[in-house]
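Written below as structure tokens is the structure these notes are about.
The values are calculated or read from the model by the stated rules, or taken from the named source; none is laboratory data. Keep in mind that this is a model prediction, so the values were computed, not measured. Heads up, the Cβs are rebuilt from the backbone with ideal geometry, glycines too, and the neighbour counts pull from every protein chain shown.
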Amino acid sequence: MTPNTDNIGASTVDLNQQLFDRAKTIIPGGVNSPVRAFRAVGGTPRFVQRAQGAHFWDANAKRYIDYIGSWGPMILGHGHPAVVDAVQRAVTEGFSYGAPTEREIDLAQAIIDLVPSIEMVRLVSSGTEAAMSAIRLARGATGRSKFIKFEGCYHGHADALLVKAGSGLATFGNPTSAGVPPEVVQHTLVLEYNNLTQLEEAFALHGAELACVMIEPIAGNMNFVRASVPFMKRCRELCTQHGALLVFDEVMTGFRVALGGAQSIYAKHIPGFAPDISVLGKVIGGGMPLAAFGGRRSVMEMLAPLGPVYQAGTLSGNPVATACGLATLQEISRPGFFDTLASHTRELVDGLKAAANACGVPFSADSEGGMFGFFLLPQLPQNYATVMTSDGPRFNRLFHGLLDRGVYIAPALYEAGFVSAAHSTDDIAQTVAAAREVFEAL
Ligand SMILES: *Cc1c(COP(=O)(O)O)cnc(C)c1O
């Protein structure tokens, strides 16, 4: 009889690697969204088998403390009973109708109640779709073509938004992706984040032609960089003065940094502050494909079927996704939810800082609500160019050191981190202890 060698050494076979090898033969790069492929940090992506609370288990049945939480949506942790229950009930009533439902009104109302700048809202299926539609709406409402975005801010992968700065303020952007014709980004002006001088100059040159300024108020796609209060105040003033709309991309920060989003934080510092259009995603779906854009009634009424700006979606307002989103918003609206979440997040950030300091590793970190970022830099960066001066190889050693110890942070130094309500003091203490070990050898 031929011995069966299939199971010899089974315990040392890396099942993540096996799945990755299989995936790579039929899915480009083995993944359905690039950063999951671990290209920046090297190594084998973890294929998730299941998740519960603050943890997930990979194909090797190894447990990780999860600081990505699906890149933000899982603010309650995985498998929150109230959310699971709402989704299970919804599923039995049908997956999708292509006709309106009461739950869409309930979710729209919940969003409007929590975000005062939103008077009307439209539901879509992804942040990309919401951001793309918000730009179209801003252009349609103003009758203008040009708009400003900032280097290091990500607004999804719509053509006009895949753009980097041109050679000067008088020139517009260059595509950052093949397949985006230069003509498509010729109206996109890319400025440095937090750079007041550039902002003033851009409005002086192009103010009358600008449809909008689109900004991540706390940029979570260059790790974690806040727009300074004076910068945000000036964005608002210049938009108002020149008849451009201020578009807040809160796909990441909405219902994540505070119940009212990042705009509620700026409104505390700038009296009467409000964006004209807000873009939401991630947390509002609670892990299901759901996003939204909303704003002033007069602007939103420009949308089809009322107005001339076309926008549509077969699965928009999906009944299962809205059930998931509504249950999530209900849970995070409980009194004290964000205070507890913010204090847990600060506990993590302070613990990491102390561990790095004790080991002489340059380190800076910041957090708001359940979102955090850290840099292997002595001071918090204010823009993308400074973020990218981070020590990449050192970050990669930190990433893999943590991963080996069962702590899963974003596999790239320009991504933010997320703490959920399910992360316990014990999870945080374990994370800090693991980081301390890694810092000692960093
Ligand atoms: C994630 C994200 C998007 C894109 O959302 P998708 O659902 O991935 O299309 C847009 N803007 C910001 C700020 C994001 O963080």
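Answer yes or no: is there a residue in region 224-236 that is free of Cβ contacts under 8 Å to residues at least 60 places away in the same chain and within 14 Å of the ligand (Cβ to nearest atom). Yes.
So, Phe395, is that one assigned to a strand (DSSP E or B) and surrounded by 17 or more Cβ atoms within 10 Å (Cβ to Cβ) or not?
No: the conditions fail for Phe395.
Once region 380-416 is narrowed to residues that are charged (D, E, K, R) and out of contact with any Leu (no Cβ under 8 Å at 6 or more places or on another chain), the residue that is modelled with the lowest pLDDT is Glu415.
Residues that are more than 22 Å from Thr340 (Cα to Cα) and touching a strand residue (DSSP E or B) at 6+ places or on another chain (Cβ under 6 Å) within region 252-288 comprise Pro275, Asp276, Ile277, Ser278, Val279, Leu280, Gly281, listed in sequence order. Only one of the listed residues (Ala158, Ala131) is within 15 Å of the ligand (Cβ to nearest atom) and either in contact with a His (Cβ under 7 Å, 6 or more places away or on another chain) or closer than 30 Å to Pro335 by Cα (or both). That residue is Ala131.
For every residue, the table says whether it meets (1) of a type outside the set (D, E, K, R); (2) touching a residue at least 40 places away in the same chain (Cβ under 8 Å); (3) within 15 Å of the ligand (Cβ to nearest atom); (4) surrounded by fewer than 19 Cβ atoms within 10 Å (Cβ to Cβ).
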position	(1), (2), (3), (4)
Arg39	no, no, no, yes
Gln49	yes, no, no, yes
Ala54	yes, yes, no, no
Ala61	yes, no, no, yes
Met120	yes, yes, no, yes
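Selection of region 102-115 for residues being surrounded by fewer than 18 Cβ atoms within 10 Å (Cβ to Cβ) and under 14 Å from Pro319 (Cα atoms) yields Glu102, Ile105, Asp106.
Checked against (1) in a helix (DSSP H, G or I); (2) within 27 Å of Ala227 (Cβ to Cβ); (3) in contact (Cβ under 8 Å) with a residue 24 or more places away in the chain; (4) more than 18 Å from the chain's Cα centre (by Cα), Asp339 passes all but a single condition, namely (3). Restricted to region 408-442, and to residues there that are assigned to a helix (DSSP H, G or I) and of a type in the set (D, E, K, R), the residue that is surrounded by the fewest Cβ atoms within 10 Å (Cβ to Cβ) is Asp426. Checking region 354-374 against the condition returns no match, with no residue being of a type in the set (Val, Ile, Thr) and within 22 Å of the chain's Cα centre (by Cα).
Among residues of region 184-199 that are within 14 Å of Lys146 (Cα to Cα), those with a beta-carbon under 8 Å from a residue that is surrounded by fewer than 18 Cβ atoms within 10 Å (Cβ to Cβ) and among the acidic types (Asp, Glu) at least six positions away or on a different chain give the pairs Val184/Asp159; Val185/Asp159. The residues listed here are Ala204, Ala211; of these, the one that is farther than 19 Å from Phe338 by Cβ, crowded, with 24+ Cβ neighbours inside 10 Å and more than 16 Å from the ligand (Cβ to nearest atom) is Ala211.
Scanning region 20-33 for residues that are within 16 Å of the ligand (Cβ to nearest atom) and surrounded by 12 or more Cβ atoms within 10 Å (Cβ to Cβ) returns a single hit, Val31.
When region 96-110 is filtered for residues that are in a helix (DSSP H, G or I) and among the polar types (S, T, N, Q), only Gln109 remains.
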